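These notes are about the structure you will find just below.
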Amino acid sequence: MKNELKKLNYKNFIMLTIAGFINAFGITVFLMPVNLYDSGISGTSMLLPDYLSLSIFLLVLNLPLFLYGLKRQGLAFTIYACYAVACYSFFSWLITDVLPIDVSLASPLAENDLVLCSLFGGVISGVGS
């Protein structure tokens, strides 16, 4: 276990933080306001009812994947995965609930244009992923 923890590198955590912010920005500013859905756990989290926020659903739905990753890939991989999802979840919560950005009706940067929202949201969240 100590050998696996020695594999952790602070530069990876910095890059995962940046990736989490970029991915959250693409999803919450472009895709979510116009009801376009991402794939995987992010898209599933967006489809679920609004009684919990996207950030909570991201954490809950990823728990089984963390456990499977721990079994198959080891502790270092699981720590990186948990950190990346935590950053993504934190930044999506920050953008939708804390910052004064209104993403409830339309994208603040592309309005209701589905083509622009899908293009920008897909490219930005793809870079983050």
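The values are calculated or read from the model by the stated rules, or taken from the named source; none is laboratory data. All values derive from a computational prediction rather than experimental measurement. Quick reminder, even Gly has a Cβ in these numbers, built from the backbone with ideal geometry, and neighbours come from all protein chains shown. Protein only, heavy atoms only, side chains kept; ligands, DNA and RNA dropped before computing areas. Shrake-Rupley method; radii C 1.70, N 1.55, O 1.52, S 1.80 Å.
Applying the selection to the range 30-61, what residues are polar (S, T, N, Q) and within 16 Å of Ser125 (Cβ to Cβ)? Across the range 30-61, the qualifying residues are Asn35, Ser39, Ser42, Thr44, Ser45, Ser55.
Taken as a whole, the structure leaves Gly43 outside the set of residues that are free of Cβ contacts under 8 Å to residues at least 24 places away in the same chain, over 16 Å from Gly128 (Cα atoms) and among the small types (Gly, Ala, Ser).
Residues of the range 5-15 include at least one that is over 19 Å from Ser129 (Cα atoms), at pLDDT below 90 and not in a helix (DSSP H, G or I). Those helices (runs of 4 or more DSSP H) of the range 40-93 in which at least 3 residues are open to solvent by less than 40 Å² (accessible area, probe 1.4 Å) and closer than 18 Å to Phe13 by Cβ, considering only elements entirely within it, cover 54-73, 75-93.
Every residue, every condition in (1) touching a residue at least 12 places away in the same chain (Cβ under 8 Å); (2) not aliphatic (A, V, I, L, M), yes or no:
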{"residue": "Ala24", "(1), (2)": "yes, no"}
{"residue": "Leu47", "(1), (2)": "no, no"}
{"residue": "Asp50", "(1), (2)": "no, yes"}
{"residue": "Leu58", "(1), (2)": "yes, no"}
{"residue": "Tyr83", "(1), (2)": "yes, yes"}
{"residue": "Ala86", "(1), (2)": "yes, no"}
{"residue": "Ile95", "(1), (2)": "yes, no"}
{"residue": "Asn112", "(1), (2)": "yes, yes"}
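Taking the criterion of being surrounded by fewer than 17 Cβ atoms within 10 Å (Cβ to Cβ) and part of a helix (DSSP H, G or I), the residues of the range 97-121 that qualify are Asp97, Val98, Leu114, Val115, Leu116, Ser118, Leu119.
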